[in-house]
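These notes are about the structure you will find just below.
The values are calculated or read from the model by the stated rules, or taken from the named source; none is laboratory data. None of these values were measured; they are calculated from a predicted model. Here the Cβ is made from the backbone with ideal geometry for all residues, glycine too, and neighbour counts use every protein chain on show.
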Amino acid sequence: MTDAAARRRLLVLSIDAMSVVDVPFARTLPHFARILSGAWGSAEAIYPTVTYPNHTAQTTARTAAGHGIYANEKVSPGVRTPDWFWDARDITCPTIFDLAREAGLTSASVGWPVTGWSPSIDIAVPEIWDRAGLEPTRERLRAASSPRGRVYAERHAGEIGWDRKHRFGRFNTAVAADILRTDAPEVMFVHIVDVDSARHTTGRFTPQVREAFERVDGWIGEILAALEEAGTAEDTNVAIVSDHGHVEVGRCFRANHVLAQEGLVQLDEAGEVSSFDAWVHGCGLTGQLHLHPEAGEEVRQRVLSLVEEWVADPGIPVQAFHPLESMREGYGYSGPFLGVLEGTSGTNFQNTWEGRALYGRFDPDYTFLLSQHGHLPEQDIQAVFAMTGPDIEPGVRITRCTVTDEAATFAHLLGLEFPEADGTPVTQILRAEV
Ligand SMILES: [Zn+2]
């Protein structure tokens with residue numbers, strides 16, 4: 001590490017659900033093109049291929065067994081709108097923000113998953129919302145932001161969009177640009193979700209997805225302009241990362257509806273969940289099979305044989321059950337459950353126990369997501385990783401990397417090192433002297 005490298009800055013922009021297949025179009029957009037003129041390639045996600053576990057891998061270099069964020073949502077049987085893993089204190093290993101603080105580097109995060117109540121980030125404006133509405137969302141955001149982050153969150157609170165649910169893209173861009181101009185943190189992570197949202201609601205490659213890319217390109221331009229204004233652009237290595245691709249959804253499976261029919265989820269007179277022996281926690285295209293902590297061996301065997309029946313029954317869209325041990329060995333995945341149900345291609349697992357067990361795309365009652373993720377990481381199109389900056393060799397095509405490698409690369413560029421890591425720096429992209 002040279003002295004120059006020791007003074008380097010890092011800006012990471014996560015374009016949620018951007019895949020490597022999107023690169024040719026993104027290169028036609030001016031600000032994406034600036035970053036893609038550096039090194040780029042595909043990056044394999046960790047399992048499950050959902051947002052919070054992967055964003056945590058990008059700040060810890062660990063898979064879910066190491067960092068503890070095993071899903072987006074906390075397992076909450078019977079709760080209609082569970083809390084997500086918003087709280088940074090749920091992470092079970094050091095993050096790049098912890099390492100930065102120890103090394104005396106200033107840090108910021110905007111909209112980055114699992115950064116609420118962070119003990120290490122100087123300026124944190126995390127991703128958090130309240131489905132009750134815009135004002136409760138602002139309230140939660142104030143509570144979860146760091147004291148200095150709260151100043152920015154309040155200054156730009158009017159830019160949070162609300163169209164039946166939160167829209168943070170405009171807000172996150174304004175906050176990030178303001179932080180860069182005002183505080184010029186040495187390490188900064190920003191999360192932009194618009195491409196992912198457009199894909200979920202309209203499909204993988206639609207005019208709305210194209211529009212989302214064009215909108216996001218403008219936002220990247222604003223953030224890069226703030227870097228220029230701050231006078232830090234020349235010292236900053238800039239990355240684009242993403243967390244997963246998408247798969248078209250063909251059907252939704254409500255495993256908990258079947259568990260309720262089997263008496264393994266108990267409902268009260270109002271149809272609410274009063275207790276449970278087993279519960280399937282939907283994680284997009286896979287479902288985690290949970291047992292009640294006090295369930296005995298008899299219940300466990302009954303649940304496992306029911307799941308075997310599902311896998312054998314062609315009418316039920318579950319093609320495999322992976323016990324926890326095999327997931328730990330194969331994917332570095334672990335959590336408080338028996339194992340993982342893998343749907344047939346394009347099957348979205350839902351937590352809901354009401355209605356029917358199965359909804360198909362041609363079903364007139366189908367009002368659900370059109371594309372989704374959560375599948376095994378090696379399947380379908382991959383996420384993208386791109387970097388440009390003073391330490392990056394331009395024009396390199398990355399031949400292989402994972403999201404944990406990205407975190408290791410970021411640490412390396414800042415002269416930091418994780419005490420334990422599942423990923424290694426992508427040295428292929430570094431200029432010779434780094
Ligand atoms: Zn995502």
Taking the range 43-71 and keeping residues surrounded by fewer than 20 Cβ atoms within 10 Å (Cβ to Cβ) and under 23 Å from His246 (Cβ atoms) leaves Glu44
Against the definition (away from the ligand (no atom under 16 Å from the Cβ), assigned to a loop (DSSP other than H, G, I, E, B), in contact (Cβ under 8 Å) with a residue 12 or more places away in the chain and surrounded by fewer than 22 Cβ atoms within 10 Å (Cβ to Cβ)), how does Gly218 come out, yes or no? no
*When you look at Ala33, is it of a type in the set (A, V, I, L, M) and buried (at least 20 other Cβ atoms within 10 Å of the Cβ), yes or no?*
no
Exercise. Mind checking whether some residue in the range 38-61 is aromatic (Phe, Trp, Tyr) and within 15 Å of the ligand (Cβ to nearest atom)?
Worked result: yes
Counting only residues in the range 5-35 that are of a type in the set (A, V, I, L, M, F, W, C) and within 16 Å of the ligand (Cβ to nearest atom), the one farthest from Val238 (Cα to Cα) is identified as Val21
Among the residues that make up the range 269-289, is at least one of them of a type in the set (Asp, Glu) and in contact with a helix residue (DSSP H, G or I) (Cβ under 6 Å, 6 or more places away or on another chain)? yes
In the set Ser14, Ser42, the lone residue that is in contact with a His (Cβ under 7 Å, 6 or more places away or on another chain), small (Gly, Ala, Ser), under 23 Å from Glu378 (Cα atoms) and not in a loop (DSSP other than H, G, I, E, B) is Ser14
Next on the checklist: If I filter the range 73-84 for residues that are touching a residue at least 24 places away in the same chain (Cβ under 8 Å), closer than 19 Å to Val193 by Cα, within 16 Å of the ligand (Cβ to nearest atom) and not assigned by TED's automatic domain parsing to the domain that holds Asn348, do I get at least one hit?
Outcome noted: yes
| request: Can you confirm whether the range 204-213 contains a residue that is of a type in the set (A, V, I, L, M, F, W, C) and part of a loop (DSSP other than H, G, I, E, B)? | output: yes
Log entry, pairs with first residue in the range 241-257 being closer than 13 Å to Ser371 by Cβ, second being among the basic types (Lys, Arg) and within 16 Å of the ligand (Cβ to nearest atom), beta carbons closer than 7 Å, six or more apart or on different chains, reads His246/Arg199; His246/Arg204; Glu248/Arg204
* Asked: Taking the stated definitions as given, is Tyr70 aromatic (Phe, Trp, Tyr), touching a residue at least 12 places away in the same chain (Cβ under 8 Å), within 30 Å of Ser274 (Cβ to Cβ) and within 16 Å of the ligand (Cβ to nearest atom)?
  -> yes
Looking across the range 41-59 at residues that are closer than 14 Å to Tyr331 by Cα and among the hydroxyl-bearing types (Ser, Thr, Tyr), the single one that is nearest to the chain's Cα centre (by Cα) is Thr49
Filter the range 316-325 for residues that are of a type outside the set (Val, Ile, Thr) and over 23 Å from the mean Cα position of the chain (by Cα); the one that is farthest from Thr286 (Cα to Cα) is Glu325
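Inside the range 392-421, can you point out the residues that are assigned to a loop (DSSP other than H, G, I, E, B) and among the basic types (Lys, Arg)?
Listed by number, the list holds a single entry, Arg400.
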Subset of the range 345-384, residues among the β-branched types (Val, Ile, Thr), closer than 30 Å to Glu272 by Cβ and in a loop (DSSP other than H, G, I, E, B), comes to Thr352, Thr367
Of the conditions (1) among the hydrophobic types (A, V, I, L, M, F, W, C); (2) more than 20 Å from the chain's Cα centre (by Cα); (3) within 16 Å of the ligand (Cβ to nearest atom), the single one that Val403 does not satisfy is (2)
Within the range 231-267, restricting to residues that are within 16 Å of the ligand (Cβ to nearest atom), of a type outside the set (Gly, Ala, Ser) and in a loop (DSSP other than H, G, I, E, B), the one that is surrounded by the fewest Cβ atoms within 10 Å (Cβ to Cβ) is Val249
Only one of Thr182, Thr201, Thr137, Thr173 is buried (at least 22 other Cβ atoms within 10 Å of the Cβ), more than 15 Å from Ile121 (Cβ to Cβ) and not hydrophobic (A, V, I, L, M, F, W, C), namely Thr173
